[in-house]
C-alpha cells in the first residue's frame, strides 16, 4: 500500500489570481512574514519588522 491516500494524486494547493492578492493589499489585508524581532524589557514589549509577501511593503510594528 502507498502512503498518502493511495490514489496517486498530488495534494491540492490553493493559488489565487495575482490581481486578487493585489486588491487585498490595496484594501489593507497584507500577507505578512516576520523579518526581525527586537525584544525590550520594561515598559515596551518589543518591536517587529514584517514584510508583505505579495506587495513587498515593510512595516515596523509593536510586538504583542
Quiz prompt | Extension gain, residue 38 back to residue 24 (0.36 nm per residue minus Cα-Cα distance, nm) | solution = 2.2 nm
Exercise. Can you pull the one-decimal nm distance between simple spin-label points at residue 17 and residue 47, each 7 Å off the Cα toward Cβ?
Key: 4.0
Exercise. Between residue 31 and residue 62, take the C-beta separation as r, use R0 = 30 Å, and let me know the FRET efficiency to the nearest 0.05.
Key: 0.90
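Readers should treat all values here as calculations from the given coordinates under stated rules, not as data from a laboratory. These figures come from a predicted structure and were not determined experimentally. Here the Cβ is made from the backbone with ideal geometry for all residues, glycine too, and neighbour counts use every protein chain on show.
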